[in-house]
Amino acid sequence: MELVLGIESSCDETSVALVRGDGTILSSVVSSQVATHGRYGGVVPEIAARAHLTNLPGLLDAALAEGGVPLGDVSLVAATAGPGLVGALLVGLSEAKGIAFGLGVPFVPVHHIEAHALSPFLSPAGGAARAVPERFLALAISGGHTHVFRYAPEGISCLARTRDDAAGEAFDKVAKMSGLGYPGGPVVDRLARLGRRTGPFPVPQFKDGSRDLSFSGLKTAVRERLLALGLEPRTGVLAARELRGEESLPAPLLDLLADFQEAVVAQVEDRLTRLHEDGPIPLLTVSGGVAANGLLRERLEAWGRRRGVEVLLAPRALTGDNAAMIAFAGLVRHRSGAPHEGFAAPARSRWPLPELPPLRGTALQ
Ligand code: KG4
Ligand code: ZN
């Protein structure tokens, strides 16, 4: 059976994984740079690239040790080729090409968002992956993206996208304004559960009837409500001592977070409902960092049951950036026989997913 080595280095997580030809994850090790970049208030590309370079050899050894297989057993190598930070991408991409070349095995360049989109087919319990069907919709919702893509034999198309901030960016900005630190998603997820919804925020609509999303108005509305509550919105890079202690947060702030989180989920539900009305959704995958959100998970599962849509949520452990999804996407692309650039693939900062050729039948064995 095939053995796929996957490498991810598109942003601030370095990761190496081994996935078997049936989609079973043998190992997946991730090293996060959140703490390194935290003091700058965002990811610093040069620091990210250098950290990938430092972390990669140890992670490769760890992934092989955890998987219990020698490097020589690897029969396919996959790495993220974009979109992402070019300097960061180049580290993992070059390492992966070098390994594949040395082993004399094929190399598959992977689109980072496609890897997220396919991650829900991986088994959370560690068994074989589900076969990827010919037709499905993918909601990729993270700090950098909020898109709905349609996969079909005719091609991949984008049905909806955020026109401004990504959903995860909204979580991060709201957390920052509220003095809760970075990244915002996990802390807002936790605290919003303690609040009561008191004043709903409106779900934005575009005059042209588009299914696109928008989160910047919501962010502004949260800022205004913070001001109205007499809670000065925080700006700039916050030092640890400026962060609010979670034990002593005022109840109105918790309520505001509950209303904010509800507004994000309600907008996603609204867009999915309208897309389903445009044409029945055969299956929906939900992936990316924000797919870890407890409320989003509950509500989209319930939405799917109501509408008769199979909703596949990415396993929680695979919602953030990881190489297991990269190895799996490489495997699926390889099996599909769709053309790709192989060793000639460059690192791409911008790479629209619909430029990829469609996937064809990809039964895994
Ligand atoms: O996919 P990811 O690790 O990186 C990219 O952006 O590609 O996603 C990170 C984003 C951050 O904005 C983070 O705040 C958000 O995902 N996030 C969450 C949760 N966990 C992470 N958002 C809402 N609820 C969560 N539990
Ligand atoms: Zn990502």
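Can you find a residue that is at pLDDT below 95, crowded, with 21+ Cβ neighbours inside 10 Å and touching a Leu at 6+ places or on another chain (Cβ under 8 Å) anywhere in the stretch 186-204? Taking every residue of the stretch 186-204 in turn, none turns out to be at pLDDT below 95, crowded, with 21+ Cβ neighbours inside 10 Å and touching a Leu at 6+ places or on another chain (Cβ under 8 Å).
The set of residues from the stretch 125-147 being of a type in the set (A, V, I, L, M, F, W, C) and not in a loop (DSSP other than H, G, I, E, B) comprises VAL132, PHE136, LEU137, ALA138, LEU139, ALA140, ILE141.
Here ALA266 meets each of (1) on the phi < 0 side of the Ramachandran plot; (2) open to solvent by less than 10 Å² (accessible area, probe 1.4 Å) with one exception, condition (2). In the set (1) farther than 17 Å from VAL188 by Cα; (2) touching a strand residue (DSSP E or B) at 6+ places or on another chain (Cβ under 6 Å); (3) among the β-branched types (Val, Ile, Thr), VAL290 fails one condition alone, (1). Within this structure, ARG211 passes the test of being open to solvent by 30 Å² or more (accessible area, probe 1.4 Å), charged (D, E, K, R) and in contact with a helix residue (DSSP H, G or I) (Cβ under 6 Å, 6 or more places away or on another chain).
Here is a check on your reading of the model: is VAL34 away from ligand 2 (no atom under 16 Å from the Cβ) and assigned by TED's automatic domain parsing to the domain that holds GLY104? It is false that VAL34 is away from ligand 2 (no atom under 16 Å from the Cβ) and assigned by TED's automatic domain parsing to the domain that holds GLY104.
Could you grab me the full set of residues in the stretch 158-185 that are open to solvent by 30 Å² or more (accessible area, probe 1.4 Å) and either of a type in the set (Ser, Thr, Tyr) or within 16 Å of ligand 2 (Cβ to nearest atom) (or both)? Hits for the stretch 158-185 are ARG161, GLU169, ASP172, TYR182, PRO183. Taking first residues from the stretch 279-302 that are free of Cβ contacts under 8 Å to residues at least 12 places away in the same chain and hydrophobic (A, V, I, L, M, F, W, C) and partners that are within 14 Å of ligand 1 (Cβ to nearest atom) and open to solvent by 10 Å² or more (accessible area, probe 1.4 Å), no Cβ contact under 8 Å between residues at least 6 apart in sequence or on separate chains turns up. Looking only at residues that are hydrophobic (A, V, I, L, M, F, W, C) and assigned to a helix (DSSP H, G or I) in the stretch 102-124, which one is surrounded by the fewest Cβ atoms within 10 Å (Cβ to Cβ)? Per the stated criteria, the residue is LEU103. Filtering the stretch 191-245 to residues that are of a type in the set (D, E, K, R) and either outside the structural domain of ALA170 (by TED's automatic domain parsing) or in contact (Cβ under 8 Å) with a residue 24 or more places away in the chain (or both) leaves ARG193, ARG196, ARG197, ARG211, ASP212, LYS219, ARG223, ARG225, ARG234, GLU242, ARG244. Selection of the stretch 236-252 for residues being over 17 Å from PRO200 (Cβ atoms) and modelled with pLDDT of 80 or more yields LEU249, PRO250, ALA251.
For the stretch 128-148, which residues satisfy the criterion of being within 14 Å of ligand 2 (Cβ to nearest atom), open to solvent by less than 10 Å² (accessible area, probe 1.4 Å) and not polar (S, T, N, Q)?
The answer is ALA138, LEU139, ALA140, ILE141.
Return yes or no: is ARG348 touching a Leu at 6+ places or on another chain (Cβ under 8 Å), open to solvent by 40 Å² or more (accessible area, probe 1.4 Å) and either assigned by TED's automatic domain parsing to the domain that holds LEU300 or in contact (Cβ under 8 Å) with a residue 60 or more places away in the chain (or both)?
The answer is yes for ARG348.
From LEU122, LEU103, grab the single residue that is of a type in the set (A, V, I, L, M) and either in contact (Cβ under 8 Å) with a residue 60 or more places away in the chain or within 16 Å of ligand 1 (Cβ to nearest atom) (or both). It is LEU122.
The values are calculated or read from the model by the stated rules, or taken from the named source; none is laboratory data. Because the structure is predicted, anything quoted here is derived from the model rather than measured. Note: ideal-geometry Cβ built from the backbone for every residue, glycine included; neighbour counts use all protein chains shown. Surface areas here come from the heavy atoms of the whole protein model, side chains and all, with no ligands, DNA or RNA. Shrake-Rupley method; radii C 1.70, N 1.55, O 1.52, S 1.80 Å.
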